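Just below is one structure, and these are the notes that go with it.
The values are calculated or read from the model by the stated rules, or taken from the named source; none is laboratory data. Keep in mind the model is a prediction, meaning the values are calculated, not measured. All Cβ positions, even for glycine, are placed from backbone atoms using ideal geometry, and neighbour counts span all protein chains on display. Only protein heavy atoms, including side chains, enter the accessible area calculation; ligands, DNA and RNA are left aside. Shrake-Rupley method; radii C 1.70, N 1.55, O 1.52, S 1.80 Å.
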Amino acid sequence: MIRRGSVILSRAGTKFPRTGFTNCGRMAQVSLPEFPVWGLVPKKETGASALLERFPDFDGRGVVIAVFDTGVDPGAPGLQVTSDGKPKVIDRIDCSGSGDVDTSTVVEKGPDGVIVGLSGRKLKIPDSWKCPSGKFHIGLKDISTLYPKSVAERVMKERKTKVWDSAHKLAVANAVKEFKDFEKSKSSEEVDLEVKFQSDELEARVEVLSAAERTYPPFLIPSADCVVFHDGERWRACVDAEGQGDLEKCKVMGIYRETLEFSSFSDRDVLNYSFNIYDEGNLLEIVAVPGSHGTHVASIASANFADEPEKNGVAPGTQIVSIGIADSRLATMETGTCLIRAMNYVIASRLPGFPGPPIDLINMSYGECTSFTDSGRIAKLMSEVVVKYGVIWVNSAGNEGPSLSTVGVPPDLADDSLIGIGAYVFPEMVIAEYSLREKVPEMPFTWASRGPTNNGARGVSLVAPGAAVTSVPNFTLKNNALMNGSSMASPNACGCFALVLSGLKAKKLPYTPFSVRRSMEVTAKAVDRDCCFAEGHGLIQGIPICIKKTSELIAKFPCKRIMYFEFLELQVDKALDHLLTWSKEPVVNMNFVVNVGTNRMSGIYIRGNYGESATVHERSVEVVPMLLNDEEADTKTKIDFDKRLVLSSSASWLKHSSHLSVSFGAKTFVIRVDPTGLKPGVHFAAVKAYDVSNPGLDWLFEVPVTVVKPEPVTEQDGWMKSYEKVHFEPGVIKRHFFLIPDGATFCVFRMKAPVGEKSARFILHCVHFKNDESYRGMHLNRVISISQDSSEAKFIFQVREKLTLEVTVAKWWASLGSVSADYSIEFGSVKPSISDSTLTIHGSDGVTRVDVRTELSQQEILPSISLKQHVVVLRPTEWKLEPLGVRDTIPGGGRIYAVNLSYNLHVPKSGIEVVPVCSLLGDYLYENEVESQLWMLFDSNKRLVASGDAFPANYKTKLDKGDYVIKLQLMTQNRGFVLKVRHDKKELLEKVAADLIMTVSMKLSSAINLDVYPTWNDAITSGKKFRATTCSKNTSVSAYISPFLPEKPVKLIPVGHMLTGTICYVRDEWMKKACSYPIRFVIAEHPKKNSNAAGKEEAGKGKKKDDEKDEKKTDAFKEAVRELKISWIGKLDDEEARRKLYLEVSSSEGDNGDGDKLDAHVAYLQSLSSKVDLCKEEVEVDPKKLDQIVEGRLDEAGKREAADAVMQALKFADATDAKVIRLIVRHALALGHRARAVKYLWKIRSGDVTGVEGITAQEAELWAAKLCDELGWPHVSRLARVSIPTRFPPTYELF
């Protein structure tokens, strides 16, 4: 029996697993401290626990949260029912399209009750199924693509052990033994071709089995047949995940929203999935969870454990809508398609006629860094969800800190309508979750993103606990797990918002996203551990802080009315009267939009770039009061609105008017910012507006102002700043801001521990950027461990002159104890003359000159150029504009359109790493006016190989040799398109689509180096090359680049393609990365060799033109005769005549040299086995019969001649030549050498050999499978056949 706070050991001799104490034969009681379960899912710190103790029914009941994430597993612990017994997960959708199955093929069952699936397997329809129409929609899905990586690895390993390893190891052992025994038995002097071919056959068996080990195990999970039908009441579907064709064993389920049915593919994977069915059964959506993130997030917000309430989420009464925005094809990356579909769903839920409850809250623990926030279709729609449809959107702020301005999108939007949540850690969390030996003070996590955003907003609005131990999906085979990040802080905050909404709904009080957010912000607790950039307005608070803060406000501004949100939590005497009075105040539900300057920023942000913090600035601030869904809001409310506001700020360096009269419409005032007297560092203040008639409201809106005052680094400093014995505690951050000196191009950071100091862990984060530029453009983020025994940590990185560089040194939050450290920052210069630092050379340009200047200090210059990628330029081979389906319908009317484009790509060599890029659209997702861009790369068999979206550098893929198709989809609404092209301007739309170029960067097998010379004459004469040169301070050297590329690796690259790489200007290896810049070389016309005739003329043979013409005619005649003879080798019936003609042609010399001999050998081999044809009709023929056909035609002499002809052919062509490979296979079959035949058939199957007449890749696979059966390898044959639906899909995968 276990008690809280103590454990009783009641069995003799038992050992308590945690303490290690043993009961030696008598009853013993061990007193243990209570486990801090409240630290697993923190709720005390935000006041959620206190609120629920006072108002247990305000636990999220009546509130619906949409979780935009990887998806929520309805089978995870705590996610079955709410606290009041309602279903917890009420809908599940996958917005990515990765689970889509094309089920537009309709079949009817035969008399035997069987249908044939797209896999080719026979599917028995159970008698228990009801399908009045008798029509079944069928599709095919590779289930392994839905598996998270850990599940795929686990299932593969298990299946490989059971169905592959034992049989394969035995087959390999036998094949190796046979080959070795044969090699030992044969004489070393034997050169007989029959012996050689027998040796090749035995060796081929070993090779084929080795290749099978690499090829087939990834396909141990078969593609599943999918069946969709209507049972007379609703659509239903099932998936034959085991590939057995026994549908009786398959779980039949309806649409999840209607039935709440889900299942797992197997007991091994335990991956729960459900269905959605669209377009009258023509599209099946399999909703799985490609990661555990979303389930963990949902559990923090709303998990409900009736028997273990200490494990509950923040708001156990809420219901969840699982909206998957993670594309499993992109390693769970979000795409524009995902986000648009997700928001369309939320908007639809707020409109009449939706078959479910409206969504009240969105939690999105996703986001990316962004370059600008004043545009983008996705960003605009996010704002509409809040300001027009009234949904409260809570979003993680990011984990890219600790430097400033590292908040991503969302929440960084132009109008600051989303609520950004930062991640905090508390003492109880440290003990319960991380098992540290001692507590640490409450603080932001070191890696938490900080504001302000580029447009001046705070970025981080509030903070919440940023870690939890709670439920994860069943497929992890775990009950719970620890995860941390702002991803965990956001659902904790979202749960707090749900508690508030639950209370408001219970009291039937009006609210808007603006009133709820403002209330949360004005009642938040300012922690002041780090700064306002990490915590925003502070920590979300419940009752205690609200009581204190409201009391302070009443004392400061005596007023009979109190904001209903605060009063709701207080529940003091006469609360209801006050709430009813207060709820009628229009300003409560008002949104005040702040636009600063002509760029309509959300605040004032003076970063200090180009010395801007050394001057006084005046910014015009426009304040626009707006109602929810302002365009359709009540006009009387607008007319009656009239407020007199007081403007207040505590910063002496801010000047502004003290009062502002506001009615409905824009109102403007000016803020004067004078940073000239500020000390170096970052400074923050806010101008806040208060309603003089309702002071209890606190502020109505604010204008945040951030000023960075960089510290100059001068020549007198030696272009260096040093800091000694700087004291650090856990989580302590030291920020330094420097104005990068003129001419500086790199910075060096050094750090070490003073003598006697213990070890510690730090984060170094260095950030600088321009306006409308991502902070990731040039930043350094490193984890540093130092101790007195460690060497100096040293990092170098590129910088750009005149910008403000932030260097942040932070002690890791969990690095216990205090420590001192020494560190320094030093600037250097190696500045090329290229204005944008990217050098472009055209092959026809001649010699290119680059000047390199060292302005700050002496450097050793040694330019070197390395071209590492071949950039292939592709134009679309076809394109199509079409409206999308019901999931892509704009709520309220209208469709989203897709432009689908196709590109052909040839990869000349296996193992090449490729990166497809749609350059026109760039690295933009949220800020792009095109809603979505997604490309998928297919092999020649229509199998999906790779996918990518707006961030191409994330999707590097190694490809085998062969032909590929890239399909690109752009999504746009019908009212606009790329470059503002409207749908009704069809001719312009066609031009854009036809000209939409994709580039594919292919990594070269070895880099191509360009020569660099010290003078122009050396460059044109290939004279002496550039040697290392010492360049003194404030001097420059010139380097000359020759345009001549090595002929051999470049001759196959088409004209107009590019080679890309880097040009480095220094000799020091350690400095090279910081002193390297991009270079592009455009291929010009290739040199042409002289023809034979021209060569003869240049040799001065002196022949007359008439003689030359006669000679050409004679040569043409001889060639024609020769070709005629070759063509007749296969036509002659007389064997002796045919052989004589073959020997004559193969021994003579022609103009084409070896090519003519090869043609003769091929023709003769074809004549020897002309009755054996690897065509489709003969795939089903027993190979033994074919052997008999060949044996019947060839006697022993014929076999020797055939073998000799094969050897002669291989002298002039590779065995993988399309002309030769069919003959090699025929010859192998004639000798009964099945492994050799399989070896070459697999080359056709894999695409290594293309253009083989009469046999496709799939036919080659089937043929090889039959031969594997003959060889006694049924495990290979079986898996080859099972893999065919996956490797040779009937159609391209859907977007």
| note | Within region 740-799, the residues that are closer than 15 Å to Gly401 by Cα, without any contact (Cβ under 8 Å) to a residue 60 or more places away in the chain and either out of contact with any Lys or Arg (no Cβ under 9 Å at 6 or more places or on another chain) or acidic (Asp, Glu) (or both) are Leu780, Arg782
| Within region 934-962, tally of residues that are open to solvent by 20 Å² or more (accessible area, probe 1.4 Å), assigned to a strand (DSSP E or B) and modelled with pLDDT under 90 | 0
| remark: Of the conditions (1) modelled with pLDDT of 95 or more; (2) more than 20 Å from Tyr147 (Cα to Cα); (3) crowded, with 24+ Cβ neighbours inside 10 Å, the single one that Phe305 does not satisfy is (3)
| query | Which condition number does Lys251 fail, the rest of (1) surrounded by 17 or more Cβ atoms within 10 Å (Cβ to Cβ); (2) in contact with a Ser or Thr (Cβ under 8 Å, 6 or more places away or on another chain) being met? | reply | (1)
| When region 227-240 is examined, which residues are found to be open to solvent by less than 10 Å² (accessible area, probe 1.4 Å), touching a residue at least 40 places away in the same chain (Cβ under 8 Å) and either over 19 Å from Val270 (Cα atoms) or out of contact with any Asp or Glu (no Cβ under 8 Å at 6 or more places or on another chain) (or both)? | Val227, Val228, Phe229, Ala237
| task | Working only within region 420-448, note down all residues that are without any contact (Cβ under 8 Å) to a residue 60 or more places away in the chain and in contact with an Asp or Glu (Cβ under 9 Å, 6 or more places away or on another chain). | result | Pro427, Lys439
| query | Just wondering, is there one or more residues in region 759-782 that are part of a strand (DSSP E or B), closer than 30 Å to His1057 by Cβ and not small (Gly, Ala, Ser)? | reply | no
| In region 748-758, residue modelled with the highest pLDDT [restricted to those that are in a loop (DSSP other than H, G, I, E, B) and either crowded, with 18+ Cβ neighbours inside 10 Å or not aliphatic (A, V, I, L, M) (or both)] | Ala753
| query | If Gly1251 passes every condition in (1) out of contact with any Asp or Glu (no Cβ under 9 Å at 6 or more places or on another chain); (2) crowded, with 23+ Cβ neighbours inside 10 Å but one, which one does it miss? | reply | (2)
| said: Looking only at region 434-452, count every residue that is in contact with a helix residue (DSSP H, G or I) (Cβ under 6 Å, 6 or more places away or on another chain) and open to solvent by 20 Å² or more (accessible area, probe 1.4 Å) and tell me the total. | reply: 2
| remark: Checked against (1) at pLDDT 90 or above; (2) under 24 Å from the mean Cα position of the chain (by Cα); (3) closer than 30 Å to Leu284 by Cβ, Thr877 satisfies every condition except (2)
| message | For Ala342, only one of the following conditions fails: (1) open to solvent by 10 Å² or more (accessible area, probe 1.4 Å); (2) under 27 Å from Arg887 (Cα atoms). What is its number? | response | (1)
| message | within 30 Å of Lys149 (Cβ to Cβ), among the small types (Gly, Ala, Ser) and at pLDDT 65 or above: is that true of Ala76 in this structure? | response | yes
| message | Can you confirm whether Asp698 is charged (D, E, K, R), crowded, with 19+ Cβ neighbours inside 10 Å and more than 30 Å from Arg735 (Cβ to Cβ)? | response | no
| field | Residue within region 917-926 that is under 22 Å from Ser774 (Cα atoms), out of contact with any Lys or Arg (no Cβ under 6 Å at 6 or more places or on another chain), at pLDDT 90 or above and crowded, with 17+ Cβ neighbours inside 10 Å present | value | yes
| On the given criteria, is Glu201 outside any loop (DSSP other than H, G, I, E, B) and at positive phi? | no
| Between residues in region 830-857 that are closer than 21 Å to Trp1016 by Cβ and residues that are at pLDDT 90 or above and among the acidic types (Asp, Glu), which pairs lie under 9 Å by C-beta distance while being six or more apart or on different chains? | Pro832/Asp851; Ser833/Asp851
| query | When the residues of region 784-833 are filtered to those that are of a type in the set (Asp, Glu), farther than 13 Å from Thr745 by Cβ and not in a strand (DSSP E or B), which remaining residue is most open to solvent (accessible area, probe 1.4 Å)? | reply | Asp789
| said: Tell me whether region 268-284 contains one or more residues that are open to solvent by 30 Å² or more (accessible area, probe 1.4 Å), of a type in the set (Lys, Arg) and outside any helix (DSSP H, G or I). | reply: yes
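Residues checked against (1) open to solvent by less than 10 Å² (accessible area, probe 1.4 Å); (2) modelled with pLDDT under 85; (3) outside any loop (DSSP other than H, G, I, E, B):
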| position | (1), (2), (3) |
| --- | --- |
| Ala468 | yes, no, yes |
| Ala534 | yes, no, yes |
| Lys548 | no, yes, yes |
| Glu566 | yes, yes, yes |
| When you look at Lys478, is it surrounded by fewer than 24 Cβ atoms within 10 Å (Cβ to Cβ), in a helix (DSSP H, G or I) and among the charged types (D, E, K, R), yes or no? | no
| field | Among the candidates Val732, Val705, residue that is among the β-branched types (Val, Ile, Thr), open to solvent by less than 10 Å² (accessible area, probe 1.4 Å) and either within 30 Å of Asp642 (Cβ to Cβ) or touching a residue at least 24 places away in the same chain (Cβ under 8 Å) (or both) | value | Val705
| message | I need a count of the residues in region 446-470 that are hydrophobic (A, V, I, L, M, F, W, C) and farther than 14 Å from Thr406 by Cα. | response | 6
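Here's the yes/no breakdown for (1) in contact with a Pro (Cβ under 7 Å, 6 or more places away or on another chain); (2) among the aromatic types (Phe, Trp, Tyr); (3) over 27 Å from Gly485 (Cβ atoms):
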{"position": "Cys250", "(1), (2), (3)": "no, no, yes"}
{"position": "Ser264", "(1), (2), (3)": "no, no, yes"}
{"position": "Asp269", "(1), (2), (3)": "no, no, no"}
{"position": "Asn272", "(1), (2), (3)": "yes, no, no"}
{"position": "Asn276", "(1), (2), (3)": "no, no, yes"}
{"position": "Glu280", "(1), (2), (3)": "no, no, yes"}
{"position": "Glu285", "(1), (2), (3)": "no, no, yes"}
| field | All positions within region 884-916 that are in a loop (DSSP other than H, G, I, E, B), at pLDDT 85 or above and either out of contact with any strand residue (DSSP E or B) (no Cβ under 8 Å at 6 or more places or on another chain) or closer than 27 Å to Val346 by Cβ (or both) | value | Pro908
| query | If we scan region 642-649, do we find a residue that is in a strand (DSSP E or B), closer than 23 Å to Phe372 by Cβ, open to solvent by 30 Å² or more (accessible area, probe 1.4 Å) and of a type in the set (D, E, K, R)? | reply | no
| How many of the residues in region 656-691 are in a strand (DSSP E or B), over 19 Å from Ala457 (Cα atoms) and open to solvent by less than 40 Å² (accessible area, probe 1.4 Å)? | 3
| note | Exactly one of Ala614, Ala666 is among the aliphatic types (A, V, I, L, M), within 43 Å of the chain's Cα centre (by Cα) and over 22 Å from Asp415 (Cβ atoms), and that residue is Ala614
